[in-house]
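Have a look at the structure below before the remarks.
The values are calculated or read from the model by the stated rules, or taken from the named source; none is laboratory data. Small disclaimer: the values here were computed from a predicted structure and weren't measured. Note: ideal-geometry Cβ built from the backbone for every residue, glycine included; neighbour counts use all protein chains shown.
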Amino acid sequence: MKKQIDFKGLQIIHEVKPRLKNIYIRIDEQGSVIVRSSKISESKLLELLEQKEQWIRHHLQQRSSQPSMVLGEEIFFLGELHQMRDNEIFSGFQRSIKGLKSMDKAYLQKQYYSFYRLNAESYLTQRIEHFAVQMKLYPSALKFRRMKRRWGSCNSHDVITFNTLLMQLSAEHIDYVVVHELAHLKHMNHSAAFHALVASHLTNANMLRQSIKEYRLPAL
């Protein structure tokens, strides 16, 4: 069940899920504030929103300042916004887009996702091979897929999965994610030993760890 309420000028969507034990707040890709919980009173909901108001407004402001990208003309790649017509690297991609029968936004998005995946498989494989030798840590397999909330993951079988949208980040931040996930092959946690291992291979690891949290990518 969904219910929309007004809170100090903010439109809040309350989703009631009877089996939920905790209360969750998130802001979706369209900038909607969504609260998910079991059935609670409106007074308790408003009390929670009061407590989280600063967090909500901060993240809404971040989203409003999110850089934009003109699909079919521009592409965000390795930390920079490029005009595709001015760069040979992307001119072939742009020509393929111009040749599409449909310029529907959803269809264009798929072309970008495919482009990022193709480049991720090539670029990230090279970077992980480089650091794997340096760290003497080797994954059993690599996987690539688009993820909404994580840049990468490492499971107990030593399989590392990378978010293909990593190709939008700067080369430095990509290297941080690669080293971060490789370090999980030795430390399946975020302990002091884990961070020390990452820092031993990236001199600016602490700065990168903090800045990647605030990295704003253009919405596709």
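Of the strands (runs of 3 or more DSSP E) lying entirely inside the range 3-93, those containing at least 2 residues that are of a type in the set (A, V, I, L, M, F, W, C) span 10-16, 24-27, 33-37, 74-77. Within the range 203-220, residues that are over 21 Å from His82 (Cβ atoms) sit with their Cβ atoms under 7 Å from residues that are among the acidic types (Asp, Glu) and at pLDDT 90 or above, at 6+ positions apart or across chains, in these pairs: Leu208/Glu172. So, Gly79, is that one under 30 Å from Ser211 (Cα atoms), of a type outside the set (Val, Ile, Thr) and in contact with a Lys or Arg (Cβ under 6 Å, 6 or more places away or on another chain) or not? When the stated conditions are applied, Gly79 does not pass them.
Right, Leu169: farther than 17 Å from Ser122 by Cα, in contact (Cβ under 8 Å) with a residue 24 or more places away in the chain and surrounded by 15 or more Cβ atoms within 10 Å (Cβ to Cβ) or not?
No; evaluated as a whole, the condition is false for this residue.
Exactly one residue out of Ile5, Ile13 is of a type outside the set (Gly, Ala, Ser) and either under 26 Å from Met147 (Cβ atoms) or surrounded by 15 or more Cβ atoms within 10 Å (Cβ to Cβ) (or both): that is Ile13.
Every residue in the range 125-144 that is within 20 Å of Lys110 (Cβ to Cβ) and in contact (Cβ under 8 Å) with a residue 24 or more places away in the chain, please.
Within the range 125-144, Phe144 is the sole residue that qualifies.
Screening the range 111-220 for helices (runs of 4 or more DSSP H) wholly inside it with 3 or more residues that are touching a Cys at 6+ places or on another chain (Cβ under 9 Å) and farther than 30 Å from Ser91 by Cα returns the ranges 171-183.
Restricting the search to the range 177-201, which residues are out of contact with any Lys or Arg (no Cβ under 7 Å at 6 or more places or on another chain) and surrounded by 20 or more Cβ atoms within 10 Å (Cβ to Cβ)? Across the range 177-201, the qualifying residues are Val177, Val179, His180, Glu181, Leu182, Ala183, His184, Val198.
Evaluated against (1) at pLDDT 85 or above; (2) of a type in the set (Asp, Glu); (3) exposed (fewer than 11 other Cβ atoms within 10 Å of the Cβ), Glu74 falls short on exactly one condition, (3).
Yes/no matrix, rows are residues, columns are (1) under 23 Å from the mean Cα position of the chain (by Cα); (2) of a type in the set (Lys, Arg); (3) under 16 Å from Thr161 (Cβ atoms); (4) modelled with pLDDT of 85 or more:
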site	(1), (2), (3), (4)
Gly92	no, no, no, no
Arg95	no, yes, no, no
Gly99	no, no, no, no
Asp104	no, no, no, no
Gln111	yes, no, no, yes
Ser114	yes, no, no, yes
Asn119	yes, no, no, yes
Leu124	yes, no, yes, yes
Arg127	yes, yes, yes, yes
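One residue alone among Tyr123, Tyr107, Tyr138 is of a type in the set (Phe, Trp, Tyr) and out of contact with any helix residue (DSSP H, G or I) (no Cβ under 7 Å at 6 or more places or on another chain), and that residue is Tyr107. Right, Tyr24: exposed (fewer than 12 other Cβ atoms within 10 Å of the Cβ), among the hydroxyl-bearing types (Ser, Thr, Tyr), under 27 Å from Asn163 (Cβ atoms) and at pLDDT 85 or above or not? Yes: the conditions hold for Tyr24.
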